[in-house]
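Asks: Questions regarding the structure given below will be posed in turn.
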Protein chains: 2
Amino acid sequence: MPKIRPLFFTLSAATIAAAAAFAPAASAEEGMWTFDGFPTAKVKAEHGWAPDQKWLDRTRAAAVRLAGGCSASFVSPDGLILTNHHCVIGCLQDLSSADSDFVQNGFNAGDRLREKQCPGQQAEVVTSISDVTMDIKKAMGDAKGEALVKARDARISEIEASECPDRDKTRCQVVTLFGGGQYKLYQYRKYSDVRIAWAPEFNAAFFGGDPDNFNFPRYAMDGAFLRAYEGGKPASTPVHLKWNPRAPVDGEMTFVVGNPGSTQRGMTAAQRAFQREVALPDRLIQLSEFRGRLIEAMGTDPARLREGKDTLFGYENSFKALYGRMQALNNASFAAKLDASEADLKAKSAGKIDGDPWADIEQAVNAYRDFAKVEGQIDSSGGSALYGYARTLVRAAAEREKPNNERLPQYTESRLPLTEKRVLDPVPTYAWLEEMSLRFWLSKTREKLTTDHPDVQALLGKESPEGMAQRLVSGTKLADPAVRKALWDGGMEAIKASDDPLIQLALSQDARSRALRKQFEEVYEAPVTAAQAKLADARFAAYGDANYPDATFTLRISYGTVKGWRENGIDIPTRTVMGGTYDRATGAEPYVLAKAFAENEAKINKNATYDFVSTNDIIGGNSGSPVLDKEGTVIGAAFDGNIHSLGGNYGYDGELNRTVSVSTEAIQQGLEVLYPAPALVQELKGKK
Amino acid sequence: MPKIRPLFFTLSAATIAAAAAFAPAASAEEGMWTFDGFPTAKVKAEHGWAPDQKWLDRTRAAAVRLAGGCSASFVSPDGLILTNHHCVIGCLQDLSSADSDFVQNGFNAGDRLREKQCPGQQAEVVTSISDVTMDIKKAMGDAKGEALVKARDARISEIEASECPDRDKTRCQVVTLFGGGQYKLYQYRKYSDVRIAWAPEFNAAFFGGDPDNFNFPRYAMDGAFLRAYEGGKPASTPVHLKWNPRAPVDGEMTFVVGNPGSTQRGMTAAQRAFQREVALPDRLIQLSEFRGRLIEAMGTDPARLREGKDTLFGYENSFKALYGRMQALNNASFAAKLDASEADLKAKSAGKIDGDPWADIEQAVNAYRDFAKVEGQIDSSGGSALYGYARTLVRAAAEREKPNNERLPQYTESRLPLTEKRVLDPVPTYAWLEEMSLRFWLSKTREKLTTDHPDVQALLGKESPEGMAQRLVSGTKLADPAVRKALWDGGMEAIKASDDPLIQLALSQDARSRALRKQFEEVYEAPVTAAQAKLADARFAAYGDANYPDATFTLRISYGTVKGWRENGIDIPTRTVMGGTYDRATGAEPYVLAKAFAENEAKINKNATYDFVSTNDIIGGNSGSPVLDKEGTVIGAAFDGNIHSLGGNYGYDGELNRTVSVSTEAIQQGLEVLYPAPALVQELKGKK
């Protein structure tokens, strides 16, 4: 399962805006439900049992969102956090060097004093949810176009700033649900010191690699433990989930609690057409070429293999996920279901809403088609971490001079601390990878827009993509956190005085980037936001309010069943066992046995459940989510979906969609036999 | 303009089969007309003038097809051939070494004795065209499925063998036109000794490189001269075109005579959907990743930059062409035109044909969808020249043991000489490129079909793609033409005794490849062939016979006008002048001035027309076609289309589609000023 990763391609604002829409009427076990909208009656009707409010409250208070784009949970009173290995691989890589490769060898702190801080990481727990819909709608009034977006964002920034004055420990976020039908204020307790405690070897966590990703059967120990710290000490987390290292039982109920990143189940036919015809193929094509470049650039060079690993994994994961989406949209029967759902909504809401929101959205999509390519290429940091810093530094300097409610969203008081942390935390960058990313971006920009395009002329002048990338990376000092800190603290004066080539590029591109953003708000975001609010009315009119909003990387709960599926006439079983790893191993990557597996074959419980599937409705961002049983104890960590789940972005098919989780029984084998961590075992048992 | 290049991706038999269909009713200047079906009345009506039979006969007899996938023409009595530089770049590369780089520096023989033979090249001139439709249809009778394909191919192989008994100098080819509505026997005079006489520097021929490819304005001297030889001497070609080194005149009529490779204008909606949803995105994605790998693998290594240049150009050219097709199919107004054309045909032929060929084709497409991916990956030589040799050697050994009319088409008596020539001609291969190609193919096969697929298990066993590719390339001896010759001559006995790892792989995969081919014939080719014959009836019933068949890489003539177009409110002019090169040059690739341009700035005629556009309806395969004026003299060589022409695969839009040609005036500057070739200048003047 993908963690949410920032993609520099065409994951444009349109994709994000389109995400915040409607899910169709929920079928059995479908739904990523909010905690204040859990469908107790529906669950009881389907399963004869449903969790009570106490169960829900306790679970919600133990659920953790990781700012890097994953989910997790507290599993001890001392801030211990269960998540996926692939959610900590970036941290492991940032902490590694040629001498100590924590990705390859895993990480086992042994005791708390040796736990290491993960750069840029932050853990967040929801403490309250309240409705601010009327407040936001009042602020928007009858505004249109860019003015509507400005009015909405200004009011959101005010609410977020006033409701969470303690920026060190709290964070407020106004979440747009049902595409503008509801606005909810989520308050979080935040932990900005998060450390790595335990992670298995890469070859255990990611056995099967990209070929097995999104497939099943799987043999992957995709689990890891972090710990939240406060004031330099393990955080006190009295509310946490009970660790239950047992095998799942076929047919038992499971609950997955986490933060699905984004779904687009409320997309209209026009939006889906744009995805199918333009956005997805274009992104897949660019992802593919970059992937190819990266694979060859890494080659067999040990340093590059280590340095590029996480980036490659991210690209391959995104590729597969998006390819699955494209296939889903091109699947005739799946597409017919989505069309039928739209037709049903139109029919049932006819005469009950104002105007024609479907036509409004189609018009906005068509207007956006004309400049999507330009926006995607020009308003971009080209996949370069260093140029990303430069753009943020330039923007932050300008935005911080404005009043809070006039700033771009990423720079409002409530979001500034995380933005700052991400720019200033020390993270290694690799010159070869930076240069390759910029070279690629510049050459694709020229290719897509043509040499004669004014934006290309402004960007490249008479330089070649290769020459310019080389000049930028060899000349910049932004890899040094102290240099970034000086530019952050120095504000616009320091920025303007800087002779750093990436800062200069970001400065020279800023006006055009802002103009493109404005154009996007005017022709797409504003009309679509207005139309989606009407679609919200249509849906409430047609189906009432027993429904769930599209995913927004906020806390949700999904209920389901431990259950295999049937494919091409073959029954796919619910689980694998750990011993199966030895049969699947070939000695060649990505099927090389992890060292600890090879050394402990005699000791390991080969019959322990390794990975298992369930019908829970999840998506990228849910990675690391605890899998709970009816008692509310943790029996797994969700880390993937099967190939059918990729269509889950647009709709849920209970026959085929499956969540893939690593069992707590397997992780317990990891803690006891493979990578012994007796202190953690005791802590998970509730013993100090 | 692309020459036709063999792509190992999903340019499956389906794509080819689908090509042989119908063009819609022709609008003004639309059409790739056969020489025995030239629309004299239509042309006269539109232009007030049309060439007479003598004009057509003389032109046909001077038109050359190059077996590598290009077009050309005789322009002197001594076998001198005009074509594009990009049609000879493969030859230049094959003849180059680290010491003499004919791609980079160009090639200028000076006199005939120094002209060098191009490996694998063959020139062919049509000598007669006759109708064999009834003969083939009788042979097919009422056969269905695989039997129909077999019966048709058997009869074709018999006709081709009996009509061209002189295999050294002639070649017979039965061409399927109108998707099976007509079968025509084309007889060719062939020249299997073709030598390179003159080619400019790469930086002159391909100035602007990939960014400018399929765009206009252009500044490219994409012209070159070959010479046909017979018995070691220049061939005598008394019928040839007159070289006319003058600028084209805006609005004058132009004729392009050449071999358009394939169009799909008769595709039904179901076939277009398959292209749009599956075939094109999948190929583009694979092309992109391979392109990325190749770019990085070449890096800045001078040897690899030279060795990989032509391959990279081929991939980039294919990418852009196919991307343009995908965009065309996803363009709403273009798609609506194609749908309307299909609806019109249905309406006008209603009640006049048997059955429902559209439904038959849809059924075949849906059946093919299920195994297209397997076929594309498994029945493939993985882009490896060496594995391609191995597969051909294994197949040829088996097929040559059969009677002519039972062989696979590529191995029938009429086609065997070219197949043999291509296997045995000495062509350099590059181990790094071979290994990369195989590694890529094997890893994509596993990715697309999954590790657990039986075909993947059979192919890889417990090897990794990387390990297996390394083993195959380091172990094979097939790079040596003598080894290939021994295996060709030794037949099946030698093949079976060989311990060459690529031969062994080809042997072990042969049965499965044949089974996939059979399955393809059964579920797709046979029913589609039958349905297309019905569509032929429908079209004749609806529109009569004044139409042209889809392109089949056989000789066609297109008429048009020297004319710019209007885009985004801007008038694009008809031509560029040579002096413009100096303004466009940046000093960085691909805008580096060719050495001869830099050195001869004072001497060159800066006002000479360089490249120009016309409305002629052409497509890949037409590369190198002579552009003729009303007098039948040569005023240019077609080498590209504008970006709109890429939709020309499915339909022609006279407002936007343009052919791009290099003028004879510019090539004359090349011959006189830049790369002086006084002997050629005299020869082109008709003086010895």
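Values quoted throughout were computed directly from the atomic coordinates according to the rules given, and no laboratory measurement underlies them. Just so you know, these numbers come straight off a predicted model, no measurement behind them. Every residue, glycine as well, gets a Cβ built from its backbone with ideal geometry; the counts of neighbours run over all protein chains shown.
Asks: Run the paramagnetic zone check for residue A:98: 7 angstrom along Cα to Cβ, then residues of the range A:292-320 with backbone nitrogen under 16 Å.
Replies: Inside the label zone: A:300-308.
Asks: Using θ = phi - 60° and the Karplus form 6.51 cos²θ - 1.76 cosθ + 1.60, what ³J(HN,Hα) does each residue of the range A:246-261 get, whole Hz, x for Gly and Pro?
Replies: 10, 6, x, 9, 3, x, 6, 6, 10, 10, 10, 10, x, 10, x, x
Asks: Near the amide H of residue A:572, under 5 Å away, which other amide H atoms are found, from residues 5 or more places off or on another chain, if H is placed in the peptide plane?
Replies: For residue A:572, whose amide H was placed from the backbone, the distant partners under 5 Å are A:565, A:566, A:567.
Asks: Then there's this: What does the structure give for A:276-286 when I average, per residue, the other chain Cβ atoms found within 10 Å of the residue Cβ?
Replies: That average works out to 5.
Asks: Cβ under 9 Å from residue B:674's Cβ, residue B:674 left aside: what net charge do those residues give with Lys, Arg +1 and Asp, Glu -1?
Replies: Net of charged neighbours comes to -2.
Asks: Still on this model: Per residue of A:329-339, how many C-beta atoms from partner chains lie within 10 Å of its own C-beta, taken as a mean?
Replies: Mean partner-chain Cβ count within 10 Å for A:329-339: 1.
Asks: Report Rg(Cα)/(2.2 N^0.38 Å) for the range A:555-599, keeping two decimals.
Replies: Ratio of Rg to 2.2 N^0.38 Å for the range A:555-599: 1.68.
Asks: Same structure again: Using a 10 Å cut-off on Cβ atoms, rank the peptides B:253-262, B:179-188 from the highest mean neighbour count down.
Replies: So the order, starting with the most tightly packed, is B:253-262, B:179-188.
Asks: Moving on. At residue A:351, label 7 Å along Cα→Cβ: distances to the other copies, nm, ascending?
Replies: 4.2
Asks: If R₀ is 45 angstrom, what is the calculated FRET efficiency for the pair residue A:492 and residue A:236, using the beta carbon separation as r and rounding to 0.05?
Replies: Between residue A:492 and residue A:236 the formula returns 0.60.
Asks: Between copies, how close do the residue A:134 label points come, placed 7 Å along Cα→Cβ, listed in nm from shortest?
Replies: Residue A:134 label point versus its equivalents elsewhere: 8.9 nm.
Asks: Mind jotting down the distance between the C-alpha centroids of the range A:583-637 and the range B:28-58, whole Å?
Replies: Cα centres, the range B:28-58 to the range A:583-637: 71 Å.
Asks: Just to verify a number: FRET efficiency for residue A:583 and residue A:366, C-beta to C-beta distance, R0 = 41 Å, to 0.05?
Replies: Computed FRET efficiency for residue A:583 and residue A:366: 0.15.
Asks: Based on Cα coordinates alone, diagonalise the gyration tensor for the protein assembly as shown, multiply each eigenvalue by 5, take square roots, and list the semi-axes in whole Å, largest first.
Replies: Semi-axis lengths for the protein assembly as shown are 57, 34, 32 Å.
Asks: In a shell of Cβ-Cβ distance under 14 Å around residue B:138, excluding residue B:138 itself, what net charge do Lys and Arg (+1) and Asp and Glu (-1) give?
Replies: Combined, the nearby Lys, Arg, Asp and Glu give -1.
Asks: For chain A, what proportion of DSSP beta bridges, expressed in % and rounded to the nearest 5, is antiparallel?
Replies: 95
Asks: Still on this structure, I have one more. If you find the alpha carbon centre of the range A:107-130 and of the range A:223-254, how far apart are they in angstrom?
Replies: Cα centroid to Cα centroid, the span is 12 Å.
Asks: Ranked highest first by the average count of other Cβ atoms within 10 Å around their residues, in what order do B:500-507, A:604-611 fall?
Replies: B:500-507, A:604-611
Asks: If you build the Cα gyration tensor of the range B:271-541 and take the root of 5 times each eigenvalue, what three semi-axes come out, in whole angstrom, biggest first?
Replies: 37, 25, 18
Asks: Principal axis extents for chain B, Cα atoms only, whole Å, descending order, please.
Replies: Answer, in whole Å and largest first: 66, 63, 50 Å.
Asks: For the range A:182-193, in order, what is each residue's ³J(HN,Hα) by Karplus, 6.51 cos²θ - 1.76 cosθ + 1.60 with θ = phi - 60°, in whole Hz (x at glycine and Pro)?
Replies: 9, 10, 10, 8, 9, 9, 10, 8, 10, 10, 9, 10
Asks: Amide H of residue A:230 versus every other amide H placed in the peptide plane: which residues, excluding those fewer than 5 positions away on the same chain, fall under 5 Å?
Replies: Amide H neighbours of residue A:230, under 5 Å, 5+ apart: A:235.
Asks: A further question follows. Under 5 Å between amide hydrogens, which residues at least 5 positions from residue A:636 or on another chain qualify, with H placed 1.01 Å from N in the peptide plane?
Replies: Correct list: A:627, A:664.
Asks: Mind giving me the nanometre distance, one decimal, between the label points for residue B:332 and residue B:134, set 7 Å out from Cα along Cα→Cβ?
Replies: Simple spin-label model gives 5.2 nm for this pair.
Asks: A further question follows. How many Cβ atoms of partner chains, on average, are near each residue of B:314-325 if near means within 10 Å of its Cβ?
Replies: Across the residues of B:314-325, the mean count of other-chain Cβ atoms within 10 Å is 1.
Asks: Expressed in nm to one decimal, what extension gain is obtained for the pair residue A:499 and residue A:57 from 0.36 nm per residue of sequence separation less their Cα-Cα distance?
Replies: 153.8 nm
Asks: Another question, if that's okay. Measuring from a point 7 Å out along Cα→Cβ, what nm distances, shortest first, does residue A:46 have to its partners in the other copies?
Replies: 6.1
Asks: Would you please classify the overall shape of the range B:128-196 from the alpha carbon gyration tensor, given that a ≥ b ≥ c denote the square roots of the eigenvalues, rounded means a/c under 1.5, and beyond that prolate means a/b larger than b/c while oblate covers the rest?
Replies: It comes out prolate by the Cα gyration axes.
Asks: Here's another thing I want to ask about it. For the range B:668-675, what does the Karplus curve 6.51 cos²θ - 1.76 cosθ + 1.60, with θ = phi - 60°, yield as ³J(HN,Hα) per residue in whole Hz, taken in order and with x for Gly and Pro?
Replies: 4, 4, x, 6, 9, 10, 7, 10
Asks: Given a Förster distance of 30 Å, report the FRET efficiency between residue A:352 and residue A:28 from their Cβ-Cβ distance, rounded to the nearest 0.05.
Replies: The value I calculate is 0.65.
Asks: Okay, moving on. Tally Lys/Arg at +1 and Asp/Glu at -1 over every other residue whose Cβ is under 12 Å from the Cβ of residue A:354; what's the total?
Replies: -1
Asks: Based on the alpha carbons, how large is the Rg to Rh ratio for the range A:354-513 when Rh follows Kirkwood?
Replies: Rg/Rh: 1.02.
Asks: Provide the packing ranking of A:279-286, A:364-371, B:63-70, i.e. peptides ordered by the mean count of other C-beta atoms within 10 Å per residue, highest first.
Replies: Sorting A:279-286, A:364-371, B:63-70 by mean packing, highest first, produces B:63-70, A:279-286, A:364-371.
Asks: Please state the shape class of the range A:582-688: rounded when a/c is under 1.5, otherwise prolate if a/b exceeds b/c and oblate if not, all from the C-alpha gyration tensor.
Replies: It comes out oblate by the Cα gyration axes.
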